[in-house]
Amino acid sequence: MRDTAHIVTIDGPSGSGKGTISRALADLLGWRLLDSGALYRLAALAAERERIPASDDSALAQIAAGMNATLEYADGVERATLDGEDVSEALRSERCGEFASRIAAKHGVRQALLERQRAFARPPGLVADGRDMGTVVFPAAHLKLFLTASSEERAVRRHKQLKQKGIDVSLRSLSEDIGQRDARDANRKFSPLRAADDARVIDSTRLSPEEVIARILPLLEAAGIGPNRA
Ligand code: C5P
């Protein structure tokens with residue numbers, strides 16, 4: 001399966017625009033989407049519901065391996081379920097993101113989610129969004145992208161997103177949370193956030209999503225990937 005699916009990976013820190021760009025690319029190419037962060041968030045939610053503390057590594061790994069969860073993307077909408085319940089909204093809270101980032105530092109949890117992530121790769125192709133898509137999960141991807149943006153810009157973007165959802169948090173506290181989460185993701189021992197050596201790095205600080213896509217199109221072309229060829 002893996003051999004016949006084209007794979008584009010998009011890694012980067014929170015607020016770098018990965019989600020928007022990944023969805024746009026999946027739509028453009030007519031490919032599947034893996035929002036790997038949502039899998040970590042699902043594991044966090046499952047662990048929280050079972051009242052498993054962040055210190056219990058083996059129970060966390062078991063939950064991540066055995067959780068009854070689904071993740072789908074269709075018609076521009078991501079849907080996640082846990083034990084049959086739609087948890088798409090619950091996953092997006094800052095609290096869930098924070099706990100996800102804590103359990104994502106654990107080797108057992110990462111191992112437990114590895115095959116689940118790889119199973120998303122089906123023909124014609126997959127756009128995989130995360131922190132270690134190009135380095136660990138899909139090291140043989142056809143095109144690897146790494147999106148960055150200044151930390152100020154990322155906090156402003158996240159603030160806007162939350163405001164649109166009616167969630168009121170101060171820009172300052174958001175900025176601090178993002179900084180802490182970035183530091184944890186970048187400095188952890190297992191699969192830290194970093195660009196793969198063969199990744200193309202795009203700084204989206206002053207770019208609109210359309211401008212980012214415009215930079216990616218020639219890279220897809222050069223990698224022999226296109227809506228008509230996929
Ligand atoms: O991208 P998102 O904010 O949904 O991810 C939630 C958390 O999951 C991140 O802060 C990160 O710690 C973790 N994560 C990860 N590896 C991935 C995707 C997400 O460690 N591939």
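The values are calculated or read from the model by the stated rules, or taken from the named source; none is laboratory data. Predicted model only: the values in this text are computed from it and were never measured. Positions of Cβ are backbone-derived with ideal geometry, glycine not excepted, and every protein chain shown enters the neighbour counts. All accessible areas refer to the heavy atoms of the entire protein, side chains included, with ligands and DNA or RNA removed. Shrake-Rupley method; radii C 1.70, N 1.55, O 1.52, S 1.80 Å.
Quick notes on this structure:
- Taking (1) in a helix (DSSP H, G or I); (2) within 11 Å of the ligand (Cβ to nearest atom) in turn, residue 115 satisfies each apart from (2).
- Cβ separations smaller than 9 Å between residues 6+ apart or across chains give the following pairs from the range 38-57 residues that are without any contact (Cβ under 8 Å) to a residue 12 or more places away in the chain to residues that are away from the ligand (no atom under 16 Å from the Cβ) and open to solvent by less than 70 Å² (accessible area, probe 1.4 Å): 52/59; 53/59.
- Only one of 178, 213, 202 that is away from the ligand (no atom under 16 Å from the Cβ), in a helix (DSSP H, G or I) and either under 18 Å from the mean Cα position of the chain (by Cα) or at positive phi (or both): 213
- Enumeration of residues in the range 195-214 that are free of Cβ contacts under 8 Å to residues at least 24 places away in the same chain and touching a Leu at 6+ places or on another chain (Cβ under 9 Å): 214
- Scan of the range 167-185 for residues that are open to solvent by 70 Å² or more (accessible area, probe 1.4 Å), of a type outside the set (A, V, I, L, M, F, W, C) and over 15 Å from residue 96 (Cα atoms), ordered by number: 168, 172, 176
- Checking each residue in the range 41-54 for being open to solvent by 60 Å² or more (accessible area, probe 1.4 Å) and at pLDDT below 95 picks out only 53.
- Number of positions in the range 119-135 that are open to solvent by 40 Å² or more (accessible area, probe 1.4 Å) and over 22 Å from residue 148 (Cβ atoms): 4
- Criterion applied to 193, 207, 162, 145 was being among the hydrophobic types (A, V, I, L, M, F, W, C) and part of a helix (DSSP H, G or I), and the one residue passing it is 162.
- Just one of the listed residues (150, 101) is more than 20 Å from residue 8 (Cα to Cα) and within 9 Å of the ligand (Cβ to nearest atom), namely 101.
- Whichever residue in the range 121-143 is away from the ligand (no atom under 12 Å from the Cβ) and within 14 Å of the chain's Cα centre (by Cα) and, among such residues, is nearest to residue 217 (Cα to Cα): 127
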